[in-house]
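For reference, the structure is listed below as structure tokens.
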Amino acid sequence: MSERKCCPDGSCGLPRRDFLRLTALATIAGPVMSVARLVPLEKGEARSLLEKGERTFYRGEDLKFIGMPVGGLCAGQVYLGGDGRLWLWDIFNQIKLGTVAKDIPYDGGSINALGGANYVQPPTQVHPFDQGFAIRVDGKVRKMDSTGWRDVAFAGEYPMGVVEYRDPDSPVAVTLESFSPFSPLETDDSSLPAVVMRYRIRNAGQKSATVEVAGWMENAIGLHTVRPGEAVRVNGDRKARGNVQAVFSLKGPEREKIDPRPKIEIENWTKPTFEGWTVTGTAFGTGPDKGAARSFRMEEGDSNVAVDARVGKLVSREFKIERRFVEFEIAGGNHPKTARLDLLIDGKVVHSATGLQSEAMRLDKFDVAAFENKSAHLEIVDDEKGFWGQITVGRIALVDVPSDTLKERTDFGDMALALIDVPSRTHHSYIADKVENVFEPNDSTGVASGSEFPIPYKYPSAVLGRLTIQPGEEKTATFVVAWRFPNLTLSRIGKAGNHYATRFASAGEVIDHIEQHERALTEKTKLWRDTWYDSTLPRWFLDRTLANASILATMTCVRFADGRFYGWEGIGCCDGTCGHVWQYAHSVGRLFPSLERSVREMADYTSGVGFHEDTGLIDFRGEYGFGYAADAQTGYILRTYREHQMSPDDGFLRRVYPNMRKALEYLVMQDADEDGILEGRQHNTLDVDLFGPSSWLTSLYLAALRAGEEMAKETGDAASAKRWREIYERGARRFDEVFWNGDYYIHRLIKEEHPDGMRIGNGCEIDQLMGQQWAHQLGLGRIVGESRTKAALKALYRNNFLPDVGTIRKIDPRGRWYGMPGESGLLMCTFPQGDRKDILGEKPTWASMYFNEVWTGQEYQAASHMIQEGLVEEGMRVVKAVHDRHHPSKRNPYNEVECSDHYARAMASHAAFTAACGYEYHGPKGHLGFAPKIGSEEFKAAFTAAEGWGSYEQRMTRNAMSASVTIKSGKLRLKTLSLEVPQSFKGKVRVTVAGKALTAKVTRQGKRTTLTFDASITVEEGEELTLSIPAS
């Protein structure tokens, strides 16, 4: 194997020297103490946690780290800064590690982007090209950012960012609403490669004001790969729907009309050895690997850090330059000085190339026309011992005409800028040394529409408009920035493309679409935002649980041209929509279920991608392999049932059921005696195999068996339903016997047989009952008894929730920094019985450093389970700790880091929201239910279903309970509705839809009241279902 593993031997974010330092420290750590002693007995009052609160505006220093993703889903990554400026612009299909790839010094070592560099030292605004907006009033120009106004305030209400601009010297006040259209279930309309910048301008003065507005942008097409002489940038006009757009493109030079000579192959790496090359060092091994020279050669037992640290060189024999270009494939780390391909003539380097921090091969070339007939040789050098210390070189040839075309480059495409609701004009002829020039004609430059500029120049163009605003009046100026870069290429997968590029032929067409549907798209985005925030739940909780849906609008997530959704674990980290990470994420499945269904149908259950037809195994990294992971395999089953529940009918389930059945049977094969307890090798999200029964993984297994049983029943497979139920019951009966230690649930460690396995043992581990949390989400009932479940969660909170996560490092200094000293969090695993050293041993496995870390996705998982079980204060405190760690005064509130930025596991936050609502849903059965855990006497919150979304509200008085389901978008088909109703409310239930009375059968079981309608009903958009139950 040559593929880079995910985080072996601590390499996720820790350079080798730092990992070895921390490992050594761990072996000589002082006396082991119980972390529980570090937790204060008094946790404080819950009242502030549960207060509704109000929208918060941030100012001053609190603005500098803010980066709200405001582009469309799976369309790249554009941030809205706290001052309203757009930044980052990661839209060019560049696969890099982290929002900003960097190493920083910390605690005597260094941390890179995977280890939390952007958490420890959050990036401020990065502008790869100049772009902005401004207004001119009474001759004064003000940029729409922190430099133009005395008071700038930001409020985040994802998917919309609101920025207020105020200045006592300005006759106008401006409020920006920045977003890309966003509406749950409407995946295509929410996946536009564009940002809308809607400026509401209010005349606060006493006289009429003429306001000029301008937006400008440099031409950045070809920003990353196009070199001088390869192309020119073109700025032009595009007229559409009555307005004019400034459009930005790239134009290649006219190809010389030559008769190309045949290609001369220098190397194709098909021989078993490096015949013809001189080899030094150990980095490249003894021969080519998979048709390339690779300095990263992972063998069994190797670690990333060890392989990266190897050095070596390959030197070719001399050859004559007989064509115009040396063309080659190259990949690897971005180290121009230490990991590179050099071309030498007369002993001097005349050309050099390096990787782009990616294993995906790119085609590159050296222009050697000036060296015709000279003797040359190549050197492939790996002197880099640190992170991504590797280089890969594929085929090499001499050619007259390069094989690649400009149109195949990752950053080939176009962009456009328009003002869509105000008569506008473009300006291509200004000098961009000061913003005032945007508003002034300057024909002396001779620059007009269609002008061409050589690389590397990025000349700007602007779009301008004028409004007259009366005193007290408000008008809007809406700009749209759009892009289209179709060429997404991934290692192993190849040319995947971007789905949005199949819908629009140009960025201008994207703007046309938004302009044509602007009112509907804007109103629907605002309607969702308003529905989400029109809630009795705490404002901070609403902010935090929806914020991670923005991960869909980052480079963690893409959507291939064929419609398949694909994700890394975090930006650039760990390929293959990793099953043991993505099974925590619930935002996608609840907000845009069609994306999750595409993964099940096009990857997990597709042969040649992740699915093994002969066994039912699903590789937990899809095309990238890596085989069986117990948590991932169970997660595929559970997510299949979730996706079925979020479907309008059983079509999806029937399509995937045959392969789902095989996948579940593969799990059963791992339970050799079919006693419902997993015991053998269990790979998992901790990256090291676990051996012996684990309550965490067995609870997931039991939940998967229950989900399989329900799916079997719905498809008429009675035999499988019966079989899986029987295995489940055997495991459920023995669960406490095997895993309960008197305080919480554990891992039964077998360290003698597997000394190198993951050791949790008697540790108090955060995911110990994750299967029960999943079972609650899917309406599968209890798999673990209620009383001990609550006791275990209380123990988890008591032992693992620290007001200062830094204190654990005094016991064991290892681990990455996703929570800083002084910050609160729920640790992954503690050893409250004082047996840490006995369990972990003198030299703990590298992955046990994870125990000292806080992973927000795990915290949300545990918190949502606490809330589900009625431990509301504990669960809310855990979520609030995450929220406080991401206060904008500290770091970007929209970037939860774990082994890279915008980590997918963080989308577990949506489970905390549904837990607070007591939400349950089954689309094909037409079932909806609520049992609010917070403020049940007066409760209101948003919900999503298979075909629509809306709001649920309930009120209780001494005499009656009333409830309503209002559909804001789409429709809701219902057969049954379940609510938690006090047992004293026994009066006749009255139900109406759109004002018309309905009849329903009422069934009461304890506090649960279920209404079964005589026939399936449909609540249409704009309609309301109401229900009232008197006390008697």
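Within the range 997-1009, being crowded, with 17+ Cβ neighbours inside 10 Å and either of a type in the set (Ser, Thr, Tyr) or under 18 Å from residue 951 (Cβ atoms) (or both) holds for one residue alone: 1009. Hey, which of the strands (runs of 3 or more DSSP E) in the range 401-483, taking only ones fully inside, have at least 2 residues that are surrounded by fewer than 23 Cβ atoms within 10 Å (Cβ to Cβ)? Per the criteria, 424-427, 451-454, 460-469.
From the list 1026, 976, 992, the lone residue that is surrounded by fewer than 20 Cβ atoms within 10 Å (Cβ to Cβ), in the same structural domain as residue 946 (by TED's automatic domain parsing) and farther than 22 Å from residue 917 by Cα is 992. Among the residues of the range 232-265, those identified as assigned to a loop (DSSP other than H, G, I, E, B) and small (Gly, Ala, Ser) are 242, 252.
Checked against (1) assigned to a helix (DSSP H, G or I); (2) farther than 24 Å from residue 908 by Cβ; (3) touching a residue at least 60 places away in the same chain (Cβ under 8 Å), residue 726 meets all criteria but (3). For the range 690-702, does any single residue satisfy the condition of being outside any helix (DSSP H, G or I) and either without any contact (Cβ under 8 Å) to a residue 12 or more places away in the chain or hydroxyl-bearing (Ser, Thr, Tyr) (or both)? Checking the range 690-702: at least one residue is outside any helix (DSSP H, G or I) and either without any contact (Cβ under 8 Å) to a residue 12 or more places away in the chain or hydroxyl-bearing (Ser, Thr, Tyr) (or both). Only one entry of 733, 706, 725 meets the criterion of being in the same structural domain as residue 672 (by TED's automatic domain parsing), of a type outside the set (A, V, I, L, M, F, W, C) and within 34 Å of the chain's Cα centre (by Cα), and that entry is 706.
Once the range 350-400 is narrowed to residues that are under 30 Å from residue 112 (Cβ atoms) and hydroxyl-bearing (Ser, Thr, Tyr), the residue that is surrounded by the most Cβ atoms within 10 Å (Cβ to Cβ) is 392. Does residue 610 qualify as being over 30 Å from residue 1018 (Cβ atoms), surrounded by 22 or more Cβ atoms within 10 Å (Cβ to Cβ) and free of Cβ contacts under 8 Å to residues at least 40 places away in the same chain? Yes. Among the candidates 634, 615, 606, 577, the residue that is hydroxyl-bearing (Ser, Thr, Tyr) and on the phi > 0 side of the Ramachandran plot is uniquely 577.
Taking the criterion of being at negative phi and small (Gly, Ala, Ser), the residues of the range 478-518 that qualify are 482, 491, 496, 501, 505, 506, 507, 508.
Screening the range 793-835 for residues that are basic (Lys, Arg) and under 24 Å from residue 114 (Cα atoms) and picking the one that is surrounded by the most Cβ atoms within 10 Å (Cβ to Cβ) gives 816. Whether any residue in the range 743-753 is surrounded by 24 or more Cβ atoms within 10 Å (Cβ to Cβ) and part of a strand (DSSP E or B) is what I want to check. Yes, there is a match, as at least one residue in the range 743-753 is surrounded by 24 or more Cβ atoms within 10 Å (Cβ to Cβ) and part of a strand (DSSP E or B).
Do we find a residue being closer than 22 Å to residue 779 by Cβ, surrounded by 21 or more Cβ atoms within 10 Å (Cβ to Cβ), touching a residue at least 40 places away in the same chain (Cβ under 8 Å) and among the hydrophobic types (A, V, I, L, M, F, W, C) anywhere in the range 615-626? No, there is no match, as no residue in the range 615-626 is closer than 22 Å to residue 779 by Cβ, surrounded by 21 or more Cβ atoms within 10 Å (Cβ to Cβ), touching a residue at least 40 places away in the same chain (Cβ under 8 Å) and among the hydrophobic types (A, V, I, L, M, F, W, C).
Here residue 938 passes the criteria (1) in contact with an Asp or Glu (Cβ under 9 Å, 6 or more places away or on another chain); (2) touching a residue at least 40 places away in the same chain (Cβ under 8 Å); (3) under 22 Å from residue 184 (Cβ atoms) except the one numbered (3).
Does the range 813-821 include one or more residues that are assigned by TED's automatic domain parsing to the domain that holds residue 547 and over 29 Å from residue 108 (Cα atoms)? Looking for residues that are assigned by TED's automatic domain parsing to the domain that holds residue 547 and over 29 Å from residue 108 (Cα atoms), one finds none in the range 813-821, hence no.
Flag not set for residue 957, criterion: of a type in the set (Val, Ile, Thr) and under 21 Å from residue 529 (Cβ atoms).
Considering only residues that are among the polar types (S, T, N, Q) and within 30 Å of residue 710 (Cα to Cα), look in the range 877-935 and name the one that is surrounded by the most Cβ atoms within 10 Å (Cβ to Cβ). Looking at residues that are among the polar types (S, T, N, Q) and within 30 Å of residue 710 (Cα to Cα), I get 909. For residue 352, the conditions (1) in a strand (DSSP E or B); (2) in contact (Cβ under 8 Å) with a residue 60 or more places away in the chain; (3) closer than 21 Å to residue 280 by Cβ; (4) of a type in the set (Gly, Ala, Ser) all hold with the exception of (2). Residue pairs whose Cβ atoms lie under 7 Å apart, separated by 6 or more positions or on different chains, with the first residue in the range 872-893 and under 18 Å from residue 794 (Cβ atoms) and in contact (Cβ under 8 Å) with a residue 12 or more places away in the chain and the second part of a loop (DSSP other than H, G, I, E, B) and of a type outside the set (Ser, Thr, Tyr), are 872/933; 872/934; 873/46; 877/43. Considering the range 1010-1023, and only residues there that are under 42 Å from the mean Cα position of the chain (by Cα) and among the acidic types (Asp, Glu), the residue that is surrounded by the most Cβ atoms within 10 Å (Cβ to Cβ) turns out to be 1023. The strands (runs of 3 or more DSSP E) falling completely within the range 67-172 that include 3 or more residues that are under 30 Å from residue 819 (Cβ atoms) map to 67-69, 77-81, 86-90, 103-106, 109-112, 151-157, 160-166.
The values are calculated or read from the model by the stated rules, or taken from the named source; none is laboratory data. Quick caveat: nothing in here was measured; it's all calculated off a predicted structure. Neighbour counts run over all protein chains shown; Cβ positions are idealised from the backbone, glycine included.
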